[in-house]
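Report on the following structure.
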Amino acid sequence: MKSLIKQLFIPILCLFILLFVFVNADNWSDLLTAYTINDPKVYISKANAYGKNEDFLFVQNTNNFLPFSKGDIKNIYYTIVNNGWKEFTFYCPSEYVHCLEDVKEISNDQDLLTHLNNYVHPYNGFSNVKTVISETGDITVSINYFYSEEQIKQINKQVDKIYNEIITDNMDAYTKILTIHDYIINNTKYDVERNNQGESKYHSYIAYGPLIEGYATCNGYTDAMALFLEKMNIPNFKVAMTPEENSNTEGHVWNAVYLNDHWVHLDLTWDDPVSSDGTDYLQHKYFLITTEQLEEADTSGEVIVTEHQFKKNIYPELKN
């Protein structure tokens, strides 16, 4: 009898252990997650050639990938995109109780992600961001970028060519920006087809359109100008107007430029108006103007412009 009990003891003990683990599976999972999170292994690569060093009022680069607030999570997402990383994994600390909920909220906020995208170099601008949270708490962010390596190669060659042909060393920053502004407009047509139908044979939504094909939408104009501003080491970012819900106004994007210790607006799209008779126009109505001047320009003509109604809490450099 004792021999039988000894023989059954180990199987019965194993059965009880398995039953205990099954009943407390959630607790064990939480314990495992807490252990993983408290000892995270974050692998950090170097930024690519287009990562920006500048910090902005709304978002900043970070080297701390253990978040304790929504602001920290926002900065982590920005740093991932700004550095040109295709994939990055980080973790939530156990002390940050609502961390995973906040990650889900930010990763699903397409408006916020679009605004973050506007602060990076055009070549690091993403077309899609995917966030996956594993059972053990790994938060993996995967990025698809707009520009291919071949497009970047062609565009860089064209930017250098244009710059060397039209810019001279004796020009000040204002004159250089004006010269490039006029060149892009004089050599680009607005892609009406993409604007009206949502698609076009041209890559008008990126800098490849205006600089290689001669066609652009507001995104293409803005990216092209940003590439020259980056080449001249002039601080800049893009400003996006996000349409309000139930609004007939479409989204719009333009450049913000730091010149003479002030942030000003630069909108090539509205300085290259579409005419009914096909005539090409070149204006300077939206060339390096303050926010006050922008609002005045939008309301001083026959048509009231609403595309420049940006969120000043997201672009606080342009409040005044």
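Which residue, of D191, D223, D182, is surrounded by 14 or more Cβ atoms within 10 Å (Cβ to Cβ), under 18 Å from the mean Cα position of the chain (by Cα) and either farther than 30 Å from E101 by Cβ or among the aromatic types (F, W, Y) (or both)?
Sole residue among the options that is surrounded by 14 or more Cβ atoms within 10 Å (Cβ to Cβ), under 18 Å from the mean Cα position of the chain (by Cα) and either farther than 30 Å from E101 by Cβ or among the aromatic types (F, W, Y) (or both): D223.
Please work out if S127 is within 25 Å of W254 (Cβ to Cβ), among the small types (G, A, S) and surrounded by fewer than 16 Cβ atoms within 10 Å (Cβ to Cβ).
On the way: within 25 Å of W254 (Cβ to Cβ): yes; among the small types (G, A, S): yes; surrounded by fewer than 16 Cβ atoms within 10 Å (Cβ to Cβ): yes.
Yes, satisfied.
When T62 is evaluated against the numbered criteria (1) modelled with pLDDT of 50 or more; (2) in a helix (DSSP H, G or I), which criterion, by number, is the only one it fails?
Answer for T62: the failing condition is (2).
Just the residues that are touching a strand residue (DSSP E or B) at 6+ places or on another chain (Cβ under 6 Å), assigned to a loop (DSSP other than H, G, I, E, B) and either modelled with pLDDT under 95 or not hydroxyl-bearing (S, T, Y) (or both), please, taken from segment 169-201.
Within segment 169-201, just D191 meets the criteria.
Would you pick out the residues in segment 165-176 that are free of Cβ contacts under 8 Å to residues at least 12 places away in the same chain and under 29 Å from the mean Cα position of the chain (by Cα)?
T175
Is it the case that N219 is within 30 Å of G71 (Cβ to Cβ), part of a loop (DSSP other than H, G, I, E, B) and out of contact with any helix residue (DSSP H, G or I) (no Cβ under 7 Å at 6 or more places or on another chain)?
Taking the combined requirement at face value, the residue does not satisfy it.
With respect to D272, is the statement that it is open to solvent by less than 90 Å² (accessible area, probe 1.4 Å), modelled with pLDDT of 95 or more and within 25 Å of V192 (Cα to Cα) true?
In short, no.
Go through the residues of segment 302-316 one by one and say whether even a single one is of a type in the set (A, V, I, L, M) and closer than 24 Å to T175 by Cα.
no
Here is a check on your reading of the model: is T249 under 23 Å from the mean Cα position of the chain (by Cα), modelled with pLDDT under 90 and of a type in the set (S, T, N, Q)?
For T249, the condition - under 23 Å from the mean Cα position of the chain (by Cα), modelled with pLDDT under 90 and of a type in the set (S, T, N, Q) - is met.
Select from segment 138-163 the residues that are assigned to a strand (DSSP E or B), open to solvent by 40 Å² or more (accessible area, probe 1.4 Å) and more than 17 Å from A226 (Cα to Cα) and list them in ascending order.
N144
Provide a single number: the residues in segment 90-116 that are within 19 Å of K52 (Cβ to Cβ) and open to solvent by 20 Å² or more (accessible area, probe 1.4 Å).
2
Could you list, in sequence order, the residues of segment 207-216 that are on the phi < 0 side of the Ramachandran plot and surrounded by fewer than 24 Cβ atoms within 10 Å (Cβ to Cβ)? Break it down into steps so the answer makes sense when it comes.
First pass over segment 207-216, keeping only residues on the phi < 0 side of the Ramachandran plot: 207-213, 215-216.
Residues satisfying the conditions are I212, E213, Y215.
Just to be sure I understand, how many residues within segment 66-103 are without any contact (Cβ under 8 Å) to a residue 40 or more places away in the chain, under 14 Å from V141 (Cα atoms) and basic (K, R)?
Qualifying residue count, segment 66-103: 0.
Give segment 92-130 a look and list any residue that's over 23 Å from K311 (Cβ atoms) and of a type in the set (V, I, T), or say none.
V97
Evaluate segment 118-136: report whether one residue or more is over 23 Å from C218 (Cα atoms), free of Cβ contacts under 8 Å to residues at least 12 places away in the same chain and either assigned to a loop (DSSP other than H, G, I, E, B) or under 13 Å from the mean Cα position of the chain (by Cα) (or both). Give the derivation first.
Step one: filter segment 118-136 for residues over 23 Å from C218 (Cα atoms), giving 130-136.
Still in the running and free of Cβ contacts under 8 Å to residues at least 12 places away in the same chain: 132, 134.
Now narrow it down to the ones that are either assigned to a loop (DSSP other than H, G, I, E, B) or under 13 Å from the mean Cα position of the chain (by Cα) (or both): 134.
Yes: one or more hits.
Taking segment 289-312 as the region of interest, how many residues are in contact (Cβ under 8 Å) with a residue 24 or more places away in the chain and either buried (at least 19 other Cβ atoms within 10 Å of the Cβ) or part of a loop (DSSP other than H, G, I, E, B) (or both)?
10
Kindly indicate which of D261, D267 is in contact (Cβ under 8 Å) with a residue 40 or more places away in the chain and either crowded, with 16+ Cβ neighbours inside 10 Å or not hydrophobic (A, V, I, L, M, F, W, C) (or both).
Answer to the check: D267.
Conditions (1) surrounded by fewer than 18 Cβ atoms within 10 Å (Cβ to Cβ); (2) small (G, A, S), marked per residue:
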position	(1), (2)
N48	yes, no
N53	yes, no
G71	yes, yes
T79	no, no
N82	no, no
E87	yes, no
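The values are calculated or read from the model by the stated rules, or taken from the named source; none is laboratory data. As the structure is a prediction and not an experimental result, all values here were calculated from the model. Backbone-built Cβ (ideal geometry, glycine too); neighbour counts: all protein chains shown. Protein only, heavy atoms only, side chains kept; ligands, DNA and RNA dropped before computing areas. Shrake-Rupley method; radii C 1.70, N 1.55, O 1.52, S 1.80 Å.
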